[in-house]
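See structure below.
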Amino acid sequence: MNLPEFSSKIIYNEDTFKSLAAFIKTFKASNIFILTDTNTNQHCSSYFLSNLETTLAVEVLEIEAGEQHKNIETCFQLWEAMANLGADKKTLLINLGGGVLTDLGGFLASTYKRGISFINIPTTLLAMIDAAIGGKTGVNLGNLKNQVGVINPAKAILIDPSFLATLPPQEMRSGLAEMLKHGLIYDASYWNKLSTLNKLTTADLMELIKTSIEIKTTIVAKDLHENNLRKVLNYGHTLGHAIESYCFNHPNLPKLLHGEAIAIGMILEAYLSVEIASLSKAAAKEIKHVVLQSFPKITFTETDIENIYQLLQHDKKNSHGNIQFVLLEAIGKPVIDCNATFTQVKAAFDFYNS
């Protein structure tokens, strides 16, 4: 798939690795570096390397898996390793892993020698339909997500559903949240299809993945740098990111995967949509019901809510001192640049907790 104004080539067909080999050959790289983490190296690297067709020298870099390693310190170590191993301006970096790895790897490539080319090969559902696509790269600043980064699309993205066989159910569920979001912000019929997951088969999965990729790439192609339309992809993320950061360091709350936190954010922001953006109460209840069919509910205390609201002050989407929300007028019809008070956010948590 190639879209106007969107420079990533999406590769998914029966001959994904032949297409990748042809792409690498025409790119004329000097050598290849493959970035993995400990999980990917264990479960995915041998399959990938056995199918990689190239005559170029290949180096493999491995980092520790986990959101806590998505930081500038990890980048320092990798920049130094790349320099010591002979990475130059024409090195091609292949990021093989989930969203944490493609975010960090994209930033690594975008800044090494003022920018080298990279390919993303996502191995999780979340990365396939969201994180690896669209050019957003970056690392966390302490507990604050994605505070340092650049927008720089990968040269190519290879989608191979074979990698999904290595995932635990929790990781598959995390990706489902972003797919549900795509329906809510763009296509009510897609939302309806995902709402009846119990009637879908695994044979449907690739078509659903393609639909989510097409939704995201269509939006990004029209607004790469998130000046206007691309903001709709942040539905559920303003509160979701704050919840993810808060739970990560809370001793009595579960550490949430990205999609699990976004699922909560979508329910909360559905309530805000009723209060602020004219979404019907019936639609908000439907969103809550559908999301909670796949995601367990977490109880938040008043202290939790106050602390989460404080984290919203650091959200990277804020502008002129205002916390920016994407809300819904209806399913499939988002509204950008909305503001909500603490009282409204507190009421949203009451709606979620009830």
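Read-outs throughout are calculated quantities, based only on the coordinates presented, and are distinct from any laboratory measurement. The structure presented is a predicted model; accordingly, all values stated were derived computationally and were not measured. Using ideal geometry, Cβ is built from the backbone for each residue, glycine included, and neighbour counts are taken over all protein chains shown.
Residues in the range 112-170 that are hydroxyl-bearing (Ser, Thr, Tyr) and surrounded by fewer than 19 Cβ atoms within 10 Å (Cβ to Cβ): Ser117, Ser162, Thr166.
Of the helices (runs of 4 or more DSSP H) lying entirely inside the range 231-332, those carrying at least 3 residues that are farther than 25 Å from Glu67 by Cα, touching a strand residue (DSSP E or B) at 6+ places or on another chain (Cβ under 8 Å) and of a type outside the set (D, E, K, R) are 258-276.
Residue-wise test of (1) in contact (Cβ under 8 Å) with a residue 40 or more places away in the chain; (2) farther than 16 Å from Leu184 by Cα; (3) basic (Lys, Arg).
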{"position": "His250", "(1), (2), (3)": "yes, yes, no"}
{"position": "Lys255", "(1), (2), (3)": "no, yes, yes"}
{"position": "Gly259", "(1), (2), (3)": "yes, no, no"}
{"position": "Leu268", "(1), (2), (3)": "yes, no, no"}
{"position": "Val274", "(1), (2), (3)": "no, no, no"}
{"position": "Ser278", "(1), (2), (3)": "yes, no, no"}
{"position": "Ala283", "(1), (2), (3)": "yes, no, no"}
{"position": "Ile287", "(1), (2), (3)": "yes, no, no"}
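Scanning the range 240-293 for residues that are surrounded by fewer than 18 Cβ atoms within 10 Å (Cβ to Cβ) and of a type in the set (S, T, N, Q) yields Asn249, Asn252, Ser278, Ser280, Gln293. Does Leu180 satisfy being of a type outside the set (S, T, N, Q), within 18 Å of the chain's Cα centre (by Cα) and within 29 Å of Ile336 (Cα to Cα)? It is true that Leu180 is of a type outside the set (S, T, N, Q), within 18 Å of the chain's Cα centre (by Cα) and within 29 Å of Ile336 (Cα to Cα).
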